1. With the full set of protein chains in place, find how many percent of the accessible area of the chain is carbon and sulfur; take the probe as 1.4 Å.
2. Select from 171, 208, 297 the residue whose mean-square fluctuation is largest in a Gaussian network model of the chain (Cα-Cα springs shorter than 10 Å).
3. For segment 285-352, with only Lys/Arg (+1) and Asp/Glu (-1) charged at the beta-carbon, what is the dipole magnitude about the Cα centre, in debye rounded to 20?
4. State which entries of 223/302; 83/223; 193/239; 302/348 exceed 22 angstrom in Cα-Cα distance in the structure shown.
5. Compute the length gained on full extension between residue 105 and residue 224: take 0.36 nm times their separation in residues and subtract their Cα-Cα distance, giving the result in nm to one decimal.
6. Trypsin sites (Lys or Arg not before Pro) within segment 189-249: which are DSSP loop residues with at most 13 other Cβ atoms inside 10 Å?
7. With each label point set 7 Å from Cα along the Cα-Cβ vector, what nm distance links residue 196 and residue 355?
8. Between residue 72 and residue 263, what FRET efficiency comes out of the Förster formula 1/(1 + (r/R0)^6) with R0 = 25 Å and r the beta carbon distance, rounded to 0.05?
Amino acid sequence: MTVEDFDEELGGALDCEISASGGEGELYEHFRFIVDKGQQLLRVDKYLVTKLEKSSRNRIQQAADAGCILVNGKAVKSNYRVKPLDVIQIVMDRPRYELEIIAEDIPLEIVYEDDQLLVVNKPAGLVVHPGHGNYSGTLVNALAWHFRDNPDYDVSDPRLGLVHRIDKDTSGLLVVAKTPDAKTHLGRQFFNKTTKREYNALVWGVPSPLSGRIEGNIGRNPKDRLQMTVLPPDDPTGKHAVTHYEVLEDFGHVALVKCVLETGRTHQIRVHMRHIGHPLFSDARYGGDVVLRGERSGSYLKFVANCFELCPRQALHARTLGFVHPVTGEEMFFSAPIPADMQALIEKWRSYASQR
């Protein structure tokens with residue numbers, strides 16, 4: 001994508017803040033400009049009009065209103081006056097597609113579809129967006145195949161497509177918008193926290209109390225850039241995050257919990273549950289792939305090893321999704337059963353607990 005293509009791209013930027021708040025996602029840089037040393041004070045919208053020749057000032061103002069224009073790392077409005085050496089970023093809710101999206105015949109479990117949207121049950125192991133190291137074999141490639149005969153759906157158009165995201169090794173429900181208006185309408189529901197989303201997770205230990213609210217600002221872990229973590233309240237890089245949890249079943253050394261997202265930050269459930277001392281079972285990135293509770297007998301260690309083999313990914317499933325249809329106004333609610341690997345894991349722990 002070139003700067004000349006940016007006017008169309010900005011159409012998707014209008015939802016960047018909304019979508020990023022609605023999924024396990026973050027904002028991605030698409031363009032960066034460093035202001036010249038001799039630059040006089042100038043409104044950022046006027047400055048960007050000179051840099052993005054085919055983008056209108058109105059479009060840039062709308063992107064600023066949506067929180068998609070950052071100066072020195074902070075979102076600014078269109079009347080911000082740029083100064084020499086300011087770093088201006090254009091950010092969106094998905095990685096920049098450097099290469100053409102190739103349609104690939106990857107099976108999709110479509111739960112619902114009409115002319116405005118579709119709901120898909122993503123399997124664990126399927127990356128959502130193409131990006132570094134994953135330029136093919138993603139959900140976006142699968143959508144390109146699914147819509148290959150639909151002239152109105154361009155998989156590269158940011159005004160269409162996935163409204164929120166879940167991690168590669170998390171399974172469960174996602175909604176895809178087939179029109180720009182549908183994406184805007186659905187995105188605002190995520191931003192306003194009116195959607196209904198519940199996750200099931202198997203965690204190490206049994207949280208106490210059995211239900212509660214976890215609040216902690218989430219940001220990149222300064223000691224490990226591959227991890228997110230709960231940061232001190234005064235750290236400006238942390239983003240407000242709230243997770244509600246409830247223990248559904250107590251298996252002794254692990255527990256099946258329900259998590260409801262009030263916000264949608266990168267790895268939020270994984271980070272928050274670890275923060276209170278209960279990492280997700282088999283979550284290698286956050287320390288859940290070792291024995292954290294229970295005995296040290298050989299038989300127990302073998303049992304846990306077998307559990308890891310049954311479900312060799314974080315035991316997390318986006319089970320329910322509810323929203324208002326963008327055109328009909330109908331309240332829609334979808335549920336996806338826990339997938340086989342995670343269900344087998346739960347059954348194994350349930351059997352273990354019943355014999356204790």
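1. 49 percent
2. Per the Cα network of the chain with a 10 Å cutoff, 297 tops the list.
3. 380 debye
4. In this structure, 223/302; 83/223 exceed 22 Å between Cα atoms.
5. Between residue 105 and residue 224, full extension yields 39.3 nm more.
6. Here the sparse-neighbourhood loop sites are 223.
7. In this crude label model, residue 196 to residue 355 measures out at 3.9 nm.
8. My answer for the efficiency is 0.55.
The values are calculated or read from the model by the stated rules, or taken from the named source; none is laboratory data. Keep in mind that this is a model prediction, so the values were computed, not measured. Cβ: placed from backbone, ideal geometry, glycine included. Neighbour counts: every protein chain shown. Note: areas computed on protein heavy atoms with side chains; ligands, DNA, RNA excluded. Shrake-Rupley method; radii C 1.70, N 1.55, O 1.52, S 1.80 Å.
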